[in-house]
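Report on the structure given below.
Derivation of every value follows stated rules applied to the coordinates shown; laboratory data play no part. The model shown is predicted, which means the values in this text are computed figures rather than measured ones. Cβ sites come from the backbone with ideal geometry, for glycine too, and all protein chains shown count toward neighbours.
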Amino acid sequence: MIRIDHHNHILLAEITEMVAAAKASEVREFSITEHVSQFGEPRMSVGFGSVHSSGRIFETLKEYRDEFRKVDDRAGLGMKVNQGLEVDFSPRYEKKVGDFVNQEEWDMLLCSVHEFEDGRDIEKGAGPVDPALANERWRDYLRLERMALESDFVPFTVLSHPVRLSRGTKTVPPELDELLLDLARIAQRRNRALELNGNDIDNAPGLVHRLATACSMAGCKVSLGSDAHHPRDVFRNMRVAMALVNEFNLETI
Ligand SMILES: [Zn+2]
Ligand SMILES: [Zn+2]
């Protein structure tokens, strides 16, 4: 199995440092997928419910594209570097974000749900909550993820961190496995991959295992991504993800 990491950021580190870390981990295909909320125009006009409070803002798509020239075709790199984005999905700004992203073509588009429909950050409000409320949050979150998979607002191939809500609530609803299976079936039908995310493996390894089970049952593809924001996190937990791929005989992108 070739070593792949399809989810990485450059808002807090230089692209050269991230690529050097990937090379050190013998990664063969490496995707840089900056948040669409780190671009000046959508950051101003969209009002994202979840953003990084610090880190580089790219004023234009060209400024971002120029970063990749620093790591392009360097002799002996031995690695494909994909130019990508992590694109937030929310019904309230679906069209606006789509118009921004679709100005250009991309090697790798991830789609993420970072906020509820009313704009609340899914990672906020963590801590002890009423289990009934926690269950409702999971149902809301997975409903938005199903909507994202059904949407063609951008031509994305991966739904990233499908169980990220675990950072906002530790309780899960009794029917979680059915909800994950439903998500995986939609992904399979839509020919989109669900991500085995390095950050989620740190935070909720049991849930990522349940996600892999659902992917296996539905026959949907998976994508491997560390979600690194710093060089030290490049390829984070990807050995664990590769073990899940082998355990469940999953198809990767
Ligand atoms: Zn994300
Ligand atoms: Zn990310």
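Give me the count of lysine pairs in the range 61-142 whose alpha carbons sit under 26 angstrom apart, restricted to pairs 8 or more positions apart or on different chains.
7
How large are Rg and Dmax for the range 4-248 when only the alpha carbon atoms are used, in Å?
Just the Cα atoms of the range 4-248 yield Rg and Dmax of 17.2, 56 Å.
Just grab the label-to-label distance for Glu123 and Glu63, each label 7 Å out from Cα along the Cβ direction, in nm (one decimal).
Those two pseudo-labels are separated by 2.3 nm.
Residues in the range 161-192, backbone N under 20 Å from the label point at Asn203 (7 Å along the Cα-to-beta-carbon vector): list them, ranges by number please.
Of the residues in the range 161-192, 161-174, 176-177, 179-181, 183-184 have backbone N under 20 Å from the label point off Asn203.
Given charges of +1 on the Cβ of Lys and Arg and -1 on the Cβ of Asp and Glu, with all other atoms neutral, how large is the dipole of the chain about its Cα centre, in debye to the nearest 20?
Dipole about the Cα centre, nearest 20: 340 debye.
To make sure I understand, if each residue's beta carbon is the centre and we count other beta carbons within 10 Å, what order do Ser223, Ser37 fall in, fewest to most?
Ser37, Ser223
Within a 10 angstrom radius of the beta carbon, how do Ile32, Ile201 rank from fewest other beta carbons to most?
Listing Ile32, Ile201 from fewest to most nearby Cβ atoms yields Ile201, Ile32.
What FRET efficiency do you get for Asp177 and Leu77 if R0 is 30 Å and r is their Cβ-Cβ distance, rounded to the nearest 0.05?
That gives a FRET efficiency of 0.10.
Spelling out what I want: for every residue of the range 244-250, take phi, set θ = phi - 60°, compute 6.51 cos²θ - 1.76 cosθ + 1.60 (Karplus), and round to whole Hz; glycine and proline get x.
Working through the residues one at a time gives 5, 4, 5, 4, 9, 6, 8 Hz.
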